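Note sheet for the following structure.
The values are calculated or read from the model by the stated rules, or taken from the named source; none is laboratory data. The model shown is predicted, which means the values in this text are computed figures rather than measured ones. Cβ placement follows ideal geometry from the backbone for every residue including glycine, while neighbour counts extend to all protein chains displayed. Only protein heavy atoms, including side chains, enter the accessible area calculation; ligands, DNA and RNA are left aside. Shrake-Rupley method; radii C 1.70, N 1.55, O 1.52, S 1.80 Å.
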Amino acid sequence: SQIVVAVAGKYEYILKMAGRGVAPNLRFSFTDHDFGPCFTVVPGQPPHRETVVLRVSNQDPHAHLSLDCTLPRNKVLVVDCGPRVLAPGEHVEVALHFTPREIQDYAFAVPFLINGVSTVNVAVKGRGVSARLELVQPTQAGCNFGQVREGDDAVRHIQVINRSARALGFELVD
């Protein structure tokens, strides 16, 4: 780029300018993550949150770099990252907690502000699903063992099926 500067209206100087900008040398372990199907919060139960850890490393051998997550606070995606400065070679582990509240698809662009100037967005998505464990035969909702002699064993088999969009553990409690 070339600029002409006039001084006192009669002296002209030609200034040639050159420069180069570089992005801060921070390495993110990932820039997108899909939590996939996750169970929604059931009223009266503690929320079940899914967590992933993002590792951010300062790869610049000479400069300290500041990092801050500027995602507005919400109940579905919580990012454990306050403002901090990373020394050369230093890293930080940032936990992202996903707790879907509704049965729907979620997508977030999580902005990380670097040195107060540039932004790196980490794309995070997931889906809220309900837990659906059902009887294969609804008529087996009541199980009658009939008369059983003392000391004898009686066995009845009841099949259940997981109709959820993800694996579901369960426990039978007497």
Chain lengthening between Ile161 and His62 when straightened (0.36 nm per residue, less Cα-Cα): 29.8 nm
Pair-distance profile P(r), taking every C-alpha pair of segment 17-62, with 5 angstrom steps and integer %: 5, 13, 15, 14, 12, 10, 9, 7, 6, 4, 3, 1, 1, 0
If we count every other residue with Cβ under 15 angstrom of Ser66's Cβ, Lys/Arg +1 and Asp/Glu -1, where does the sum land? -2
Trypsin sites (Lys or Arg not before Pro) within segment 60-125, DSSP loop, no more than 12 other Cβ atoms inside 10 Å: Arg73, Lys75
Apportionment of accessible area to carbon and sulfur, the chain, percent (1.4 Å): 50
Net +/- balance of residues flanking Pro47 in space, Cβ distance below 12 Å, scoring K and R +1, D and E -1: +2
For segment 103-174, which GluC sites (Glu not before Pro) are in a loop by DSSP, counting at most 10 other Cβ atoms within 10 Å? Glu150, Glu171
Please list, or write none, the lysines whose alpha carbon is within less than 17 Å of the alpha carbon of Lys75, excluding same-chain residues fewer than 8 places away. Lys125
Mean separation of Cα contacts under 8 Å (6+ apart) over length of segment 82-143, as relative contact order %: 27
Length gained when the stretch Val117-Arg55 is fully extended (0.36 nm per residue, less Cα-Cα span): 20.3 nm
Once R0 is set to 30 Å, what does the formula 1/(1 + (r/R0)^6) return for the Cβ-Cβ distance between Glu102 and Leu172, expressed as a FRET efficiency to the nearest 0.05? 0.55
Counting heavy atoms of the protein chains only and a 1.4 Å probe, report the per residue accessible area for the chain as a whole number of Å². 72
Are there GluC sites (Glu not before Pro) in segment 39-96 that DSSP marks as loop and that have at most 14 other Cβ atoms within 10 Å, and which are they? Glu90
Quick one: pull the percentage of alpha-carbon pairs in segment 72-174 with a separation above 22 Å. 59
In the chain, what percentage of the DSSP-assigned beta bridges are antiparallel, given to the nearest 5? 85
What's the local net charge at Pro37, with K and R +1, D and E -1, over the other residues with C-beta under 15 Å away? +3
Candidate values [x] 1, 7, 8, 8, 6, 5, 5, 5, 5, 6, 5, 5, 4, 4, 3, 3, 3, 2, 2, 2, 2, 2, 2, 1, 1, 1, 1, 1, 0, 0; [y] 1, 6, 11, 12, 9, 9, 8, 7, 7, 6, 5, 4, 4, 3, 2, 1, 1, 1, 1, 1, 0, 0, 0, 0; [z] 1, 9, 18, 23, 22, 16, 9, 2, 0, label of the one derived for P(r) over Cα pairs in 5 Å bins from 0, in percent: [y]
